[in-house]
1. Looking at (1) exposed (fewer than 14 other Cβ atoms within 10 Å of the Cβ); (2) modelled with pLDDT under 95, which is the one condition that is false for ALA149?
2. Scan LYS120, LYS30 and give me the residue that is over 25 Å from ALA174 (Cβ atoms) and not hydrophobic (A, V, I, L, M, F, W, C).
3. Could you list all residues from region 170-191 that are in contact with a Phe, Trp or Tyr (Cβ under 7 Å, 6 or more places away or on another chain), part of a helix (DSSP H, G or I) and not hydroxyl-bearing (Ser, Thr, Tyr)?
4. Scan region 52-71 and tell me whether some residue there is closer than 29 Å to VAL118 by Cα, among the β-branched types (Val, Ile, Thr), outside the structural domain of GLN158 (by TED's automatic domain parsing) and touching a Pro at 6+ places or on another chain (Cβ under 8 Å).
5. Could you please give the count of residues in region 1-54 that are assigned to a helix (DSSP H, G or I), surrounded by 13 or more Cβ atoms within 10 Å (Cβ to Cβ) and out of contact with any helix residue (DSSP H, G or I) (no Cβ under 8 Å at 6 or more places or on another chain)?
6. Evaluate the following for ASP135: is it in contact with a helix residue (DSSP H, G or I) (Cβ under 8 Å, 6 or more places away or on another chain) and surrounded by fewer than 19 Cβ atoms within 10 Å (Cβ to Cβ)?
Amino acid sequence: MIILHGVSASPYVRKVITVLAMKQLPFEQKQQMPFARDAEFNKISPLGKIPALQDGDITLCDSTVICEYLEDTHPEINVYPTNHADKAKARWIEELAGSRVTELATGIFFQRFMRPMVFKQDPDEALVEKIIDKDLPPILDHLETLVPATDFLFGELQLADISLVSPFINASYANYTVDTQHWPQLSAFIDRVKTHPIMEPILEAEAKIMGFA
């Protein structure tokens, strides 16, 4: 049995959960916060990061590494394009999403959700305003040109789509959504991914854990 360690609301954990669902692989999830002072978890994830995955004698950390492993070991349902050029592009989108997009979108989530709900601190609204008004728009402008007007990045829903949308799901928990007037194509794309039959039950289960349902 595959064991996945990590809290469902992490955009990186959500990536792996969705890939497991797409590949129809049963797994057990252990809700694990990152950087916890947990000696047993640190044996699995020496850096204290999530997600971590155990598959028999194999232990892996980092969402991209885990997803590539699942693609290699269970290739029957692809989550990456099979064309080499498209696969390279998909990996770049995954990297962009996992770095700058996540940094900004989850910055909103951290300030408006994590700080008041978990740390009992006031959010830094000046920082949130800077992210929304100055830092995010250039990235959103680029994504507006990147995402398709219909369907998904490479036809069917794949990992690149999930990676790109996952940080915005976190931002939505902090009452931020992409402006439909400024970035209509990106906004519609995010909605298509979130309402895909694979994603809907995952997000419904996550909302219950988060206390939104």
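1. With (1) exposed (fewer than 14 other Cβ atoms within 10 Å of the Cβ); (2) modelled with pLDDT under 95 applied to ALA149, the lone miss is (2).
2. None of the other options fit; the residue is LYS30.
3. The answer is ASN170, ALA171, ILE190.
4. yes
5. Total satisfying the criteria: 4.
6. Criteria met by ASP135.
The values are calculated or read from the model by the stated rules, or taken from the named source; none is laboratory data. Keep in mind it's a predicted model, so treat the numbers as computed, not measured. When we count neighbours, we look across all protein chains shown, and the Cβ atoms used for this are built from the backbone with ideal geometry, even at glycine.
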